[in-house]
1. Please go through region 111-141 and pick out each residue that is in contact with a Ser or Thr (Cβ under 9 Å, 6 or more places away or on another chain) and open to solvent by 50 Å² or more (accessible area, probe 1.4 Å).
2. Taking region 102-159 as the search range and keeping residues that are in contact with a strand residue (DSSP E or B) (Cβ under 9 Å, 6 or more places away or on another chain) and among the hydrophobic types (A, V, I, L, M, F, W, C), which one is farthest from Cys26 (Cα to Cα)?
3. Could you count how many residues in region 207-243 are β-branched (Val, Ile, Thr) and surrounded by 18 or more Cβ atoms within 10 Å (Cβ to Cβ)?
4. So which of Leu202, Leu242 is within 30 Å of Lys185 (Cβ to Cβ), modelled with pLDDT of 90 or more, under 11 Å from the mean Cα position of the chain (by Cα) and in a helix (DSSP H, G or I)?
5. Cβ-Cβ below 9 Å, separation at least six or inter-chain, first residue in region 105-132 and within 16 Å of Phe230 (Cα to Cα) and among the aliphatic types (A, V, I, L, M), second open to solvent by less than 10 Å² (accessible area, probe 1.4 Å) and not in a loop (DSSP other than H, G, I, E, B): which pairs?
6. Is there any pair with a first residue in region 47-58 that is in contact (Cβ under 8 Å) with a residue 60 or more places away in the chain and a second that is open to solvent by less than 30 Å² (accessible area, probe 1.4 Å) and of a type in the set (D, E, K, R) whose Cβ atoms are under 8 Å apart and which are 6 or more apart or on different chains, and what are they?
7. Across region 117-148, what is the number of residues that are under 13 Å from Gln222 (Cβ atoms), not charged (D, E, K, R) and not in a helix (DSSP H, G or I)?
8. Restricting the first residue to region 68-89 and requiring it to be open to solvent by 60 Å² or more (accessible area, probe 1.4 Å), which pairs with a second residue that is at pLDDT 85 or above meet a Cβ separation below 7 Å and a spacing of at least six or different chains?
Amino acid sequence: MLRYECKKYLNWKLFLCLLILFGISCTISFLRYKGVSQASDTAVSEELYREYGGELTEEKLHRIEELKEECDRILAQETEMEGKYSRGEIDADTYLAYREQYHDYYSRREAIEAFYERSLQAEENGTWLIFDSYYEELAGSMGVRPALIFAVILITVLSASCEKKRLFRVLCVTKRRRKTIVRIKAGTVFVCCAFLSVLFYLKDLLLLVRFSSLRCLEAPVQSISLLAAFPVQVSIGVWLALALILSLLLYSGLGVLMVWIQVNRL
């Protein structure tokens, strides 16, 4: 019976359907991560978080405050420096050097202000300063996965649709025999759905590594803005492991439930 169940899934049509679903999911996820990487402030923000981010210390907070003050000071001097240059109080080289500084800070102003606000929040909440946009994409993709749900439905429908009702009723003539068959079917579907869950999860994890690498895994998961209200104090690394286990149990359990319902209708 187990060999018969396994043969059902050695089907090129099923493989093709699953490949198409997986390909669609990969494309959508890739475009979402790429959208984050191509955002106007991503490059500047990543540079700030690389230089000042991580676990907060008094030294880092002081440096961030100095950066914010320097930015405000340079931007506020524009009118003053133009006046000095027009009156001949400073030479062209000094003025051009100032204009370069001004344009540099002006282009980074919004990112610096947002970074400064995040540092104050992190200090107040006891979290780390991390660039969390990619982690937020990962957290968002861990909700309902339509492609994975369709894949689970395909597998469970295939498990029951290949049975002939009369033959199945003969095989399940005794209660013990019926339980054995249901257990084999449920076990096979559980393994298939678990494999797909891990595959879809690894796809998102590899995209995260591709675009940002796995930084600050030891940081509290509450350091990710989207998960600031997460009820358990765990690290990002532990959260990633828990998310994998939860995804595996959720979609495998869904597959087993659908098989149980379908078998009881035969």
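The values are calculated or read from the model by the stated rules, or taken from the named source; none is laboratory data. This is a predicted model, so every value here is computed, not measured. No Cβ is skipped: glycine too gets one built from the backbone with ideal geometry, and neighbour counts run over all protein chains shown. For the accessible areas, the whole protein counts, side chains as well, though only heavy atoms, and no ligand, DNA or RNA atoms are used. Shrake-Rupley method; radii C 1.70, N 1.55, O 1.52, S 1.80 Å.
1. Scanning region 111-141 gives Ala114, Gln121, Asn125, Glu136.
2. Here the answer is Ala122.
3. Qualifying residue count, region 207-243: 3.
4. On the way: Leu242 fails: under 11 Å from the mean Cα position of the chain (by Cα).
Step by step, each of Leu202, Leu242 is checked, and only Leu202 is within 30 Å of Lys185 (Cβ to Cβ), modelled with pLDDT of 90 or more, under 11 Å from the mean Cα position of the chain (by Cα) and in a helix (DSSP H, G or I).
5. Listed pairs, sorted by first residue: Ala122/Leu129; Ala122/Ser223.
6. none
7. 5
8. Tyr85/Tyr95
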